[in-house]
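Report on one structure; see the data block that follows.
The values are calculated or read from the model by the stated rules, or taken from the named source; none is laboratory data. The structure displayed is predicted, hence computed values, not measured ones. Methodologically, a virtual Cβ is constructed for each residue, glycine included, from the backbone with ideal geometry; neighbour enumeration extends over all protein chains shown. Side chains included, ligands, DNA and RNA excluded: accessible areas come from the protein's heavy atoms. Shrake-Rupley method; radii C 1.70, N 1.55, O 1.52, S 1.80 Å.
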Amino acid sequence: MRFVFKTSYVQDLGLFRDGVQRNWYIALLVLALVLPRLVPAYLGDIALVFIYGLCGLSLMVLAGYTGLVSLGHAAFLGIGAYTYVYLMLDLGLPWIVAVGLAAVVSAAAGVIVGVPALRMTGVYLTIATLAFALIIQEVFTRWDRVTGGLKGKAVDKVVAFGLPLGGDVAFYFLCLAFLVGGLWLTSNLLRTPTGRAWVAIRDSEIAAQSMGVNLAKYKTMAFAYSAALMGVAGALFAHKIGFLAPDIFSVLLSIQFLLMVVVGGLGSLHGALFGAVFVAMLPVAISQARDAVPAWIAQLAGVFGTGAGHATFLAVDRFVKQPGLEPGIFGLILALVILFEPLGIYGRWSKIKVYFSLFPLYKHATFRRQRAYMRSERLR
């Protein structure tokens, strides 16, 4: 097992833990750059993974590093998407200006939500953000002049700096650039006093306040920064789907974002990316299963004739084709992860690495689950 021995404070300022970690990230970046040549047919799905990664990064800052659970992040995504489309298509602003203003408007919406929710924690904050999402969805439906209402709003291809970026390869690299920029900015921000204050608030608000952390200030900053990232993701998301409608930014999408960070691993930027891959690829796997399962089910049903076996296979066939199957699977996976692997995919990956690093001296009690809380929280 490798240990990093630090000999100066400058090493704490580095973006990477050591040279080995830096080399792994460089190799990952090179793989992302050559991926269009390896799997050209799946560039659209991979671009969606990058956009979801930016969304997961946004919610991870709020839920994973500040401890504020939100069910209204689909509203911030919609605010960014509609603001971007209105500024670029209706007002004719340049692409980069429209993206920047979309982030600013989304951040302002985050402040509007964050200030009244400062005194709320836990389930009460979750309900408040859920109510905000429902209100914003109603605004999207009724503000026809800006959003197009129920008729929706078409989105053109990306044209930035006079260059058409609407092709699959160009849009792939555009989403990759924004994701890398968001990761770089967030990882640096988390190592500043602001990021450390967010982590302190997550661990114990009482202890953080006793150390001089202004809860109102830093919670509002967390909401604003998280919403700004979601606004940028909304601009990319608008181009990816090509058509905006109010029912896209529903509570189900917010639940998917929450599922993304929980399944990926709370409190980790890696977890946001793992969760993005999982959430973006799960609907693709379900749709492919719907096309593949009926073939062999029909064959087995024919073998069993018209008896009980035939009825059972027909029932399975109808279940797979249910339109509400995807939300049910999301909810089931979320419950199973919380019960059996609360650290998420990244937590499981960390356990596997530790296991092979310590083998054969690994102890099964290394990651035994236990109640972890600050002493100050016992006063509540």
Could you run through the range 173-223 and say how many residues are outside any loop (DSSP other than H, G, I, E, B), closer than 28 Å to residue 25 by Cβ and either among the aliphatic types (A, V, I, L, M) or modelled with pLDDT under 85 (or both)?
14
Restricting the search to the range 67-106, which residues are within 21 Å of residue 199 (Cα to Cα) and either of a type in the set (Asp, Glu) or surrounded by 24 or more Cβ atoms within 10 Å (Cβ to Cβ) (or both)?
68, 70, 73
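For the range 62-99, how many residues are in a loop (DSSP other than H, G, I, E, B) and under 20 Å from the mean Cα position of the chain (by Cα)? Explain how you work it out, then say what you get.
From the range 62-99, those in a loop (DSSP other than H, G, I, E, B) are 65-72, 91-94; that's our starting set.
After this cut, where a residue has to be under 20 Å from the mean Cα position of the chain (by Cα) as well, the list is 65-72.
Looking only at that region, the number is 8.
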By residue number, the members of the range 160-172 that are touching a residue at least 60 places away in the same chain (Cβ under 8 Å) and either open to solvent by less than 50 Å² (accessible area, probe 1.4 Å) or not in a helix (DSSP H, G or I) (or both) are 160, 161, 166, 171, 172
So is residue 298 among the small types (Gly, Ala, Ser) and at pLDDT 85 or above or not?
no
State all residues of the range 194-217 that are over 25 Å from the mean Cα position of the chain (by Cα), surrounded by fewer than 15 Cβ atoms within 10 Å (Cβ to Cβ) and free of Cβ contacts under 8 Å to residues at least 24 places away in the same chain; if no residue qualifies, say none.
209, 211, 212, 214
Being surrounded by 24 or more Cβ atoms within 10 Å (Cβ to Cβ), more than 13 Å from residue 185 (Cβ to Cβ) and aliphatic (A, V, I, L, M) is the filter here, so list the residues in the range 222-238 that pass it.
222, 227, 230, 233, 235, 236, 238
Condition check for residue 8: touching a residue at least 24 places away in the same chain (Cβ under 8 Å), of a type in the set (S, T, N, Q) and closer than 30 Å to residue 201 by Cα:
no
What number of residues within the range 108-159 are open to solvent by less than 50 Å² (accessible area, probe 1.4 Å) and charged (D, E, K, R)?
1
